[in-house]
Amino acid sequence: MTTHGDVLPLIDKATWVSFDVFDTLIERSVSHYVHAFSVLHEALADRNWMAGINREEFVRRRIRAERLARRQKFNDISSVEVSLHDIWARFDLDLGGRVDVDDAIAAEIAIETSLINVRHNGKELFDYARSKGKTVIAVSDMYHSTSTISEWLTRHGFEMHHVFVSGDMGSGKRDGLLGLVVRQLNLDPKKGLHIGDKHDVDGIGAQRVGMKAAVLPHPHDHIRPVAPPTNNVTPVLESAIVARAVNGYEPDSGDARALGFAYLGPMVAGFTAYALHTARAHDLDFLSFTSRDCKMLDDVTTEFVRTPAGSHGYLHFSRRSLYLPALAGGISDHDMGNLTGGLWATPVRDYFSRIDLDVDTYRDVLAHHDLSPDSVIHNKNSRYLLSLVFRDIERDVVEIATTRLSELSEYLRHTGLLEAHRVGFVDVGWRGSVQASLERCLRLIGWHGHLEGIYVGLLWASHPLNDQTMSAWLTSFPRHRQFHAALAGAVPVVEAMFQANEPSVSSYVDGLPVLRGPVHSREIIDHLQHGARDFISTNEKLITRLFTAGQPDHVLAQPLMRLLTHPTVAEARLLGSVLYADGFGENAEVRTILRPVTGKNKVASQARESERRITQWRAGFDVLSSESN
């Protein structure tokens, strides 16, 4: 992997430089290219041939058409490179010849044009190459035409000497496109440099023709593997901070404030540093610190970091406040599973109250499916019956969801988030469901920027929802298995430690969040957080240096990981006295969650069992609750 600074000397030595186009010089302002197809669906929705095709089906058909077009091209001429006309001709064939292919192509090009932005790192390298008098060439694996790619590049300030596109050339970078460039322009490959974002395409493609390659990965993988820093400045700095934290701490003291100073303080500092580093490295122009879990991070950033005005904020989001507005686009099968899911036996009226509907209005619909407002939903069959009810009243659910989406939109305008183009969504973890709901709401509102999740950890059993972009501080490092076992076995402990002493947001009115739900007695957690703040204030100079250093390592998390896996009796008793509200109106003692990973002889098997149980427990958080976190 090459860094930006490493590329400049390589450009100096080359006589000509070829650039990959997408995600190197330009990028779509969506977190995944498939999202552009959702925008395209809206643009084509009024066409006669689109009747009866919803967004999900359209996206599926568009992806399938491209796949089958490539397969057909390979069968015909042993090449998988296709044009946009090839794709839409296949789409038309699948719909029985009803599609106006030229109109569809024009619409897709127009949508792509509206979504394209400059990739600033790539622009700096391009400008440097031009300033040095190098011959600059664009080489793209893309189904758009050469003229279209050339127009986009010119529009965004990339004046190329030559442009080569695989769809027109019949060959991609992996199977000879760069070789064609060398032969057609009579260039010496040993004097060339190719710059791209994918090693398996740009790196290997260049090496096959004898060129040097610089690979600068773009931050758009679903969950990126994060390598430890190559320099030793940051780990040494972190070690000095940890030494100050644990020096003098007595694990058997039972002092909550001292425990927060020694363990939680370094953890907060490390995660804040990771969020700030990610924002810089990935060109994010706004950091959204999620309410409750990230209050301390927002306070620390405000107090100790010099950031431009409006570049970060403390935004009130919760599963409840976002999930209902996200249904304004319709209820998918996955949504229905969340609407009817749960870990405890729950009466029907509670399911209706979660989506702000009066259950008594729908007694007849319920009776038609052998249910009543007081029926208890407790098994697969009862959930199926409830799903039939929600399908019958789907129009009403979507109507109220649309109202909630409008209220959310007004709140987002007040926060300034909608004015940003690249947003970092900072949260503790663990599965990305809140981020997925927020991204879905943003697309429905008409915001098409880049949303990136930044987390302490992500569970192994989780998967990116809606293909959103996510990265995690701890579970991406080489020692992630150890850290994951500790985190998965003590999710409630970590969340309780980070959680601010305030109610959860349930909805939005007049551009402001509506907070509701009880704030439980949490004396121990308050002492822990006061200790963490004391630690950060006491070590202001070191931590300020940390926030401007390189990518943080995992050193600052190690004290807390020790606590989660091998607490002393005093520490376990201290944490066990905390009542954790789990989002369903049920309270649990933290020690019941902590105990499975405290054994000395069977730590590994206990951690795996804890991971399984906690993953099941976390799955219920996709279900709406009047007190959801």
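Tally up the carbon and sulfur contribution to the accessible surface of segment 164-208 as a whole percent, 1.4 Å probe, everything protein left in place. Carbon-and-sulfur percentage of accessible area, whole number: 46. Of the accessible area of segment 61-134, with the probe set at 1.4 angstrom, what percent is carbon plus sulfur? That fraction is 48 percent. Surface listing: Ser332, Ser239 arranged by accessible area from highest to lowest gives Ser239, Ser332, probe 1.4 Å. Remark: spin-label model distance Asp200-Asp103 equals 3.9 nm, labels positioned 7 Å along the Cα→Cβ axis.
Could you compute the FRET efficiency for Asp6 and Arg208, with r as their C-beta to C-beta distance and R0 at 30 Å, rounded to 0.05? With a Förster radius of 30 Å, E is 0.90.
You can think of it this way: the chain between Asp526 and His368 has 51.9 nm of extra reach, that is 0.36 nm per residue less the Cα-Cα gap. Per-residue 3J(HN,Hα) values for segment 199-205, derived from phi via the Karplus relation 6.51 cos²θ - 1.76 cosθ + 1.60 with θ = phi - 60°, read 5, 6, 10, 6, x, 5, x Hz in sequence order (x marks Gly and Pro). Ranked by the mean number of other Cβ atoms within 10 Å of their residues, highest first, the peptides 16-27, 251-262, 154-165, 362-373 come out as 16-27, 251-262, 154-165, 362-373.
Placing dummy labels 7 Å off each Cα toward the beta-carbon, the span from Glu399 to His378 is 3.4 nm.
With 27 Å as the limit, the listed pairs Lys132/Lys212; Lys73/Lys190; Lys295/Lys541; Lys198/Lys295 have Lys73/Lys190; Lys198/Lys295 beyond it between alpha carbons. Label sites at His85 and Ser406, each approximated as a point 7 angstrom past Cα along Cα to Cβ, lie 4.6 nm apart. Applying 0.36 nm per residue to the separation of Asp188 and Arg155 and subtracting their alpha-carbon distance, the gain on full extension is 8.9 nm. The mean sequence separation of alpha-carbon pairs under 8 Å and at least six residues apart, normalised by the residue count of segment 302-424, gives a relative contact order of 32 percent. Extension gain, Ser147 to Leu93: 0.36 nm times the residue separation minus the Cα-Cα distance gives 16.8 nm. In terms of modelled amide H atoms, which long-range or inter-chain residues lie less than 5 Å from the amide H of Leu458? Under 5 Å from the amide H of Leu458 lie the amide H atoms of Thr475, each far enough along the sequence or on another chain. Here's how it looks for Phe164: its modeled amide H is under 5 Å from those of Ala138, Val139, Ser140, which are all 5 or more places away or on a different chain. When you restrict to C-alpha pairs under 8 Å that are six or more residues apart and normalise by the size of segment 1-148, the relative contact order lands at 42 percent. Taking amide H atoms as placed 1.01 Å from N in the peptide plane, the amide H of Phe286 lies under 5 Å from those of Arg422, Gly424, each 5 or more residues away in sequence or on another chain.
For segment 287-401, with all protein chains in place and a probe radius of 1.4 Å, 48% of the accessible heavy-atom surface sits on carbon or sulfur. Given a 1.4 Å probe and the protein chains as shown, Lys191 ends up with an accessible area of around 110 Å². Given R0 = 45 Å, the distance between the Cβ atoms of Thr113 and Arg516 translates into a calculated FRET efficiency of 0.55.
The values are calculated or read from the model by the stated rules, or taken from the named source; none is laboratory data. No experiment lies behind these values; they were computed from the predicted model shown. FYI the Cβ positions are ideal-geometry reconstructions off the backbone, even for glycines, and counts take in every protein chain you see. These area figures cover heavy atoms from the full protein model, side chains too; ligands, DNA and RNA do not enter into them. Shrake-Rupley method; radii C 1.70, N 1.55, O 1.52, S 1.80 Å.
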